[in-house]
1. Mind checking whether some residue in region 161-168 is in contact (Cβ under 8 Å) with a residue 24 or more places away in the chain, assigned by the TED database to the domain that holds W19, open to solvent by 60 Å² or more (accessible area, probe 1.4 Å) and under 28 Å from A12 (Cβ atoms)?
2. Being at pLDDT 95 or above and open to solvent by less than 40 Å² (accessible area, probe 1.4 Å): is that true of G58 here?
3. Name the single residue, out of those in region 183-201 being part of a helix (DSSP H, G or I) and touching a residue at least 40 places away in the same chain (Cβ under 8 Å), that is nearest to S117 (Cα to Cα).
4. Take region 279-289 and flag every residue that is hydrophobic (A, V, I, L, M, F, W, C) and either over 18 Å from N141 (Cβ atoms) or in contact with a helix residue (DSSP H, G or I) (Cβ under 6 Å, 6 or more places away or on another chain) (or both).
5. Within region 76-124, count every residue that is open to solvent by 30 Å² or more (accessible area, probe 1.4 Å), in contact with a Lys or Arg (Cβ under 7 Å, 6 or more places away or on another chain) and part of a loop (DSSP other than H, G, I, E, B).
6. Being out of contact with any Gly (no Cβ under 9 Å at 6 or more places or on another chain) and touching a residue at least 40 places away in the same chain (Cβ under 8 Å) is the requirement here; does A226 meet it?
7. Condition first: under 28 Å from the mean Cα position of the chain (by Cα) and either of a type in the set (S, T, N, Q) or assigned by the TED database to the domain that holds P52 (or both). Now tell me which residues in region 243-300 satisfy that.
8. Filter region 7-20 for residues that are farther than 18 Å from A170 by Cβ and out of contact with any Pro (no Cβ under 8 Å at 6 or more places or on another chain); which is surrounded by the fewest Cβ atoms within 10 Å (Cβ to Cβ)?
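The values are calculated or read from the model by the stated rules, or taken from the named source; none is laboratory data. Since the structure is predicted, the reported quantities are computational estimates derived from the model, not experimental observations. Here the Cβ positions follow ideal geometry from the backbone for every residue, glycine too, while neighbour counts run over all protein chains shown. To get the accessible areas, we keep the full protein, side chains included, count just its heavy atoms, and leave off ligands, DNA and RNA. Shrake-Rupley method; radii C 1.70, N 1.55, O 1.52, S 1.80 Å.
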Amino acid sequence: MTNVNHTAVLGAGVIGASWTALFLASGYSVSVFDVSDTAEAQVRNYVEQAWPVLKDLGLAENGNPDRVSFHKSAVKAVDGAQFVQESVPERINIKHELFAKIEPALAPDAIVASSASGLTLSEMQAGWKNPGRFVLGHPFNPPHLIPLVEVMGNERTADGAVAMAERFYASVGKVTIRVNREVPGHVANRLQAAVWREAIHLVKTGVASVEDVDKAMWAGPGLRWAAMGPTMLFHLGAGEGGLAAFCQRYTDSFNRWWDDLGVLHLDPEMSGRLVAGVTEEAQGKPVSDLSSQRDALITATLKAIAPLRAR
C-alpha cells in the first residue's frame, strides 16, 4: 500500500500499544483511540520502552515517536487513516458497536484489520453494513517484535483487500500467512494450544515439572522452530531421503506418541498447579523483568536470523 502515510489504532491495550510503536517506527503517523483516561500515558510509556529495541533491529530509521495523537472518539481517530488496526476488547458487542460508528467515517479506500484471536471474521463482519474492506490481521504478541500476522478474507471481502493488507504489513516488517478456512484460533494459536495441552498433560501425570517442561521447549525444539517449521525440519531429519524417508522411518513412533497424547481441559486445580510451578520458575522476578528478558531474547534471535533469511 504505497498510498499509506497515516494510520489509526483502535484500542490502547498491550496489543494496541505495540502496534502503535511499530507503525510509528515504520514512518507512519498514528491516531490512537481509547476511552481510558490513562491510555495516552500508557501508550507513550510503551513506545518509549520499545523504541530502543526497534532502533536496534533497524526498524525505526525513518520513524518519529512523536507522530501520534490520542482520541476518545473512534470517529475522529479514523479520520484520514488509510490503514486501521482494531484491537479493542474481544467482546463481540463492543466490536460491533465500534464498527457501526466508524464505518460512515472511513476513507473509501481504507483497510480495517482486526487483531482478534478468539473471534472469527464472519462473527465480526455482522457489525458492518459493507465488510468489503474489513479483514483479519491477527498478530502474535508483542506485535512490534514477533513478525507473524495471520491475514484472512472471505466471500464478503472485496477483491484485493487481503493483498492490500499484506502489502501494508510487509511495509512494517511483518511476515504474513493467509488463513484459508475459518477455524477458532486461526493457525498459530491452535499450534501453541496443542503444545501447551501436552505440556500440561506431562505436568499433570507427573512426567516432569512445569519448569522442566518449559526448559525442554526453549532448549530443544523451540530453537529449531525459530529457524524452520516442523514439517521442513522433519524433511531434513532423514538426510537425503527427505520427508518421504522420515515418514517411512518414524510412522510407527509418531502414531504411538499421538495415541498417548493427553486430552484434558484446564480446571481450577490444574491452574493452581501451573501457577505454583511458574512462580517457582520465575524465582521472584516480577512480570516486567521477565517481559524485558523475553524481549531481549527475541530481539537477539531476530538480529541473528534476519541476515540469513534475507539471503
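1. Quick first cut of region 161-168, residues in contact (Cβ under 8 Å) with a residue 24 or more places away in the chain only: 161-162, 164-165, 167-168.
Those left that are additionally assigned by the TED database to the domain that holds W19: 161-162, 164-165, 167-168.
With the extra rule that they be open to solvent by 60 Å² or more (accessible area, probe 1.4 Å), the set shrinks to 167.
So of that shortlist, the ones also under 28 Å from A12 (Cβ atoms) come out as 167.
Yes, region 161-168 has at least one match.
2. Numbers: at pLDDT 95 or above: no; open to solvent by less than 40 Å² (accessible area, probe 1.4 Å): yes.
Against the criterion (at pLDDT 95 or above and open to solvent by less than 40 Å² (accessible area, probe 1.4 Å)), G58 does not qualify.
3. Out of the qualifying residues, it is N189.
4. A282 - this is the single residue of region 279-289 that is hydrophobic (A, V, I, L, M, F, W, C) and either over 18 Å from N141 (Cβ atoms) or in contact with a helix residue (DSSP H, G or I) (Cβ under 6 Å, 6 or more places away or on another chain) (or both).
5. Looking only at that region, the number is 0.
6. Values: out of contact with any Gly (no Cβ under 9 Å at 6 or more places or on another chain): yes; touching a residue at least 40 places away in the same chain (Cβ under 8 Å): yes.
Yes: the conditions hold for A226.
7. Result: S271, T279, Q283, S288, S291, S292, Q293, T299.
8. Within region 7-20, the match that is surrounded by the fewest Cβ atoms within 10 Å (Cβ to Cβ) is A12.
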